[in-house]
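What follows is a short report on a single structure.
The values are calculated or read from the model by the stated rules, or taken from the named source; none is laboratory data. Computed from a predicted structure; not experimentally measured. Here Cβ is always computed from backbone atoms with ideal geometry, including for glycine, and neighbour counts include all displayed protein chains. Just so you know, the surface numbers come from the protein's heavy atoms only, side chains and all, with ligands and any DNA or RNA stripped out. Shrake-Rupley method; radii C 1.70, N 1.55, O 1.52, S 1.80 Å.
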Amino acid sequence: MAKKKKKEKQYGPVSVLLILIGIVSILSLIMSILGIDGYKTVIQNGTMETVLVTVKNIISLDGIKFIVGNAVSNFRMLEPLVLIIISLLGISICEKSGLLNAIFNPLKRVKLNIIIFLTLLIGIISSVLGDNSYVILIPLIGVMYKYLGKNPILGVITVFLGITIGYGFGIFFNYNDYKLGSLSELAAIVSIDKNYRYNLFSDLFIMVFSSIVISLIGTLVIDKFLVNKLPKKYSYEEEELIISKKAKRISFLGGLILVLIFTYMVLPINTIGAGILLDKSADRYMEQLFGSNSAFGNGLIIIITIIMITCGMLYGKFSGNIKNSHEFSLSMSKTFENLGFMFVLMFFSSQLIAIIDWSNIGVVIGTKLIDFTSTLEISGIFLIVIFFIVIVLMSLFIPGSITKWEIVSPVAIPLFMRSNITPNMTQFIFKAADGIGKSLTPVFIYYIITLAFIEKYRVSEKNQVSVFGTLKMILPVILIMAMVILLIIILWYIIGLPIGIGTYSTL
């Protein structure tokens, strides 16, 4: 008689987050007692300086005061929480009005592998929106797969992987590229080459090539390792929504008019009303558009939501799917259904992130890893591979790209330049590894949001959503895509092809 397989015990996401909080707290205690610290290299006033970073014990009087006194503010100041709420207002009305059903209905006959490819490619391209891409596409793709009769969980996971892994080499540039490039430029000027200047187009070729290859390979890998683990079909209670070509044309026209108006508001020209959403105090246009004082950059999610609400309202009105103002108001809550779990997860996740930041555990571990890399007497391919792995490991504790590059760039840029590798190539390796690392860590808040949407569309009581259960399911996909990305980088380095306009991988 065959022995029954022992059922694998799974802890719920909240339990896992509480366990992680406990582990991080104990780790902060141990590292603090042992005096484990790190030296962070920073660039100030044109010179490199070393700053000592120590681990603070969260299991102390100051730590307990921090946890109790800041629990509410940690949650309140969690930016993705606000972004997802605002985004869902626009997506909700577009769904309830029938606009999304009308848009996605023609895709019902498209094969699943093509849908997966398009989802990955859209996720990669959407990196131009920065973190806004997560809060717009994760719920939107879930709705799309639902209307296509495909499993929305597959769509949610696929677009998360597309955005996260593809974040480093999106076809279009985003503000992160500009900020990372500024740090790379500063590190190169201070340490090696005073004449070095970073160009946004300096890794254009390798970015475009990687985007296409990852979309193709990712489709094959997801089809092989992920599709069979999830039910292919998805049934839901269909609402009687009218599909109207006239309403669709009117809503698209309304959306186009708003896009043109907002585009005019960010044009750097001297005419009435033009450029009013820009930060005119900044020198470079990218800084004016997405800088910390830019109305456009800070309000991009509001702009997108206004466009979606307008399009949804027009479609609902002219199709007859929304009959009065009361229905219009209620329609803004459609996509919030079954998402209460998301707010629970985000509360506990915000505490975990805050404890890691306060205790300096992530920064100390990061400095130790990058210092270890700098002590190795290696160059070329070996340096690229070790650096790639180090960044993946760092991303498990520090998901933020800018925060991580502030720690890494003053050490990595001169290290790679002395190995005859350009800052542009170094930055691309960093971005690629950063995306892989972020897709593997529960500390990344958008992974937690992804879990919430998986729970929203879960229909079987057997397949409980868990933090590490979901990671285990997508791990083969991430590892294969990581190997593909690393192979692209190594081959590009060996062959010596230009990585962008006027830039090569070697000096």
message = Give me the helices (runs of 4 or more DSSP H) completely within region 246-349, filtered to those with at least 2 residues that are more than 23 Å from ASP131 (Cα to Cα), ordered by residue number.
response = 300-319, 325-331
request  = Could you tell me whether any residue of region 323-330 is in contact with a strand residue (DSSP E or B) (Cβ under 8 Å, 6 or more places away or on another chain) and in contact (Cβ under 8 Å) with a residue 40 or more places away in the chain?
outcome  = no
query = What is the one condition in (1) under 28 Å from ASN298 (Cβ atoms); (2) open to solvent by 60 Å² or more (accessible area, probe 1.4 Å); (3) touching a Gly at 6+ places or on another chain (Cβ under 8 Å); (4) not aliphatic (A, V, I, L, M) that LYS108 does not satisfy?
reply = (1)
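How about region 111-140: which of its residues are free of Cβ contacts under 8 Å to residues at least 60 places away in the same chain, among the β-branched types (Val, Ile, Thr) and open to solvent by 10 Å² or more (accessible area, probe 1.4 Å)?
Step one: filter region 111-140 for residues free of Cβ contacts under 8 Å to residues at least 60 places away in the same chain, giving 111, 114-115, 118-119, 122-123, 126-128, 133, 137, 140.
Now restrict to residues that are among the β-branched types (Val, Ile, Thr): 114-115, 119, 122, 128.
If the condition is that a residue be free of Cβ contacts under 8 Å to residues at least 60 places away in the same chain, among the β-branched types (Val, Ile, Thr) and open to solvent by 10 Å² or more (accessible area, probe 1.4 Å), then ILE114, ILE122, VAL128 are the ones that fit.
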query = Taking the condition buried (at least 20 other Cβ atoms within 10 Å of the Cβ), touching a residue at least 12 places away in the same chain (Cβ under 8 Å), of a type in the set (Val, Ile, Thr) and not in a helix (DSSP H, G or I), does VAL392 pass?
reply = no
task = Name the single residue, out of those in region 123-133 being of a type in the set (Gly, Ala, Ser) and touching a Gly at 6+ places or on another chain (Cβ under 8 Å), that is modelled with the lowest pLDDT.
result = SER127
Extreme residue, surrounded by the most Cβ atoms within 10 Å (Cβ to Cβ), among residues of region 353-389 that are among the polar types (S, T, N, Q) and over 13 Å from VAL408 (Cβ atoms) = SER359
ask   = What residue, among those in region 433-467 that are farther than 21 Å from TYR147 by Cβ and modelled with pLDDT under 90, is most open to solvent (accessible area, probe 1.4 Å)?
value = LYS462
ask   = Is region 259-274 home to any residue that is touching a residue at least 40 places away in the same chain (Cβ under 8 Å), within 26 Å of SER126 (Cα to Cα) and touching a strand residue (DSSP E or B) at 6+ places or on another chain (Cβ under 7 Å)?
value = no
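Out of LEU186, LEU120, LEU100, LEU140, which single residue is part of a helix (DSSP H, G or I), in contact with a Phe, Trp or Tyr (Cβ under 7 Å, 6 or more places away or on another chain) and either at pLDDT 90 or above or under 20 Å from PHE453 (Cα atoms) (or both)?
Numbers: LEU186 fails: in contact with a Phe, Trp or Tyr (Cβ under 7 Å, 6 or more places away or on another chain); LEU120 fails: in contact with a Phe, Trp or Tyr (Cβ under 7 Å, 6 or more places away or on another chain); LEU140 fails: in contact with a Phe, Trp or Tyr (Cβ under 7 Å, 6 or more places away or on another chain).
Going through LEU186, LEU120, LEU100, LEU140 in turn, the sole match is LEU100.
Answer yes or no as to whether GLU406 is over 24 Å from PHE201 (Cβ atoms), open to solvent by 30 Å² or more (accessible area, probe 1.4 Å), among the acidic types (Asp, Glu) and touching a residue at least 40 places away in the same chain (Cβ under 8 Å).
The answer is no for GLU406.
Restricting to region 15-50, and then to whatever is hydroxyl-bearing (Ser, Thr, Tyr), within 30 Å of PHE347 (Cα to Cα) and touching a residue at least 24 places away in the same chain (Cβ under 8 Å), can you tell me which residue is surrounded by the fewest Cβ atoms within 10 Å (Cβ to Cβ)? Give the steps one after another, and end with the answer.
Going through region 15-50, the residues hydroxyl-bearing (Ser, Thr, Tyr) turn out to be 15, 25, 28, 32, 39, 41, 47, 50.
Add one more test, that the residue is within 30 Å of PHE347 (Cα to Cα), and what stays is 15, 25, 28, 32.
Within this subset, residues satisfying the condition of being touching a residue at least 24 places away in the same chain (Cβ under 8 Å) are 25, 28, 32.
On the way: SER25: 19, SER28: 24, SER32: 21.
Checking each candidate, the answer is SER25.
Got a sec? Which of TYR285, TYR236 is without any contact (Cβ under 8 Å) to a residue 40 or more places away in the chain and aromatic (Phe, Trp, Tyr)?
Numbers: TYR236 fails: without any contact (Cβ under 8 Å) to a residue 40 or more places away in the chain.
Sole residue among the options that is without any contact (Cβ under 8 Å) to a residue 40 or more places away in the chain and aromatic (Phe, Trp, Tyr): TYR285.
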inquiry  = Tell me whether region 468-476 contains one or more residues that are open to solvent by less than 20 Å² (accessible area, probe 1.4 Å), assigned to a helix (DSSP H, G or I), out of contact with any strand residue (DSSP E or B) (no Cβ under 6 Å at 6 or more places or on another chain) and closer than 23 Å to LEU369 by Cβ.
reply    = yes
ask   = Restricting attention to region 425-461, which residues are within 12 Å of the chain's Cα centre (by Cα) and acidic (Asp, Glu)?
value = ASP434
Output for region 51-76, where each listed residue is surrounded by 13 or more Cβ atoms within 10 Å (Cβ to Cβ) and in a strand (DSSP E or B) = VAL53, THR54
request  = Kindly provide the set of residues from region 263-279 that are closer than 13 Å to ILE303 by Cα and exposed (fewer than 15 other Cβ atoms within 10 Å of the Cβ), ordered by number.
outcome  = THR263
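Each row is one residue, and each column tells you yes or no for (1) of a type in the set (Lys, Arg); (2) out of contact with any Lys or Arg (no Cβ under 9 Å at 6 or more places or on another chain); (3) within 23 Å of PHE172 (Cα to Cα).
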residue	(1), (2), (3)
SER409	no, yes, yes
THR422	no, yes, yes
MET425	no, yes, yes
PHE428	no, yes, yes
LYS431	yes, yes, yes
GLY435	no, yes, yes
LEU440	no, yes, no
VAL443	no, yes, no
task = Return the residue satisfying two criteria in turn: it lies in region 152-183 and is open to solvent by less than 10 Å² (accessible area, probe 1.4 Å) and not in a helix (DSSP H, G or I), and of such residues it is farthest from SER211 (Cα to Cα).
result = ASN174
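Quick one: count up the residues across region 468-507 that are small (Gly, Ala, Ser) and modelled with pLDDT of 95 or more.
Start the filter on region 468-507 by keeping residues that are small (Gly, Ala, Ser), which leaves 469, 482, 496, 500, 502, 505.
Still in the list and also modelled with pLDDT of 95 or more: 482.
Number satisfying all stated conditions: 1.
Under the condition of being assigned to a loop (DSSP other than H, G, I, E, B) and open to solvent by 40 Å² or more (accessible area, probe 1.4 Å), which residue from region 189-199 is farthest from GLN44 (Cα to Cα)?
ASN199
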note = Taking region 200-220 and keeping only residues that are over 19 Å from TYR504 (Cα atoms) and open to solvent by 10 Å² or more (accessible area, probe 1.4 Å), one is left with ILE212, VAL213, LEU216, ILE217, THR219, LEU220
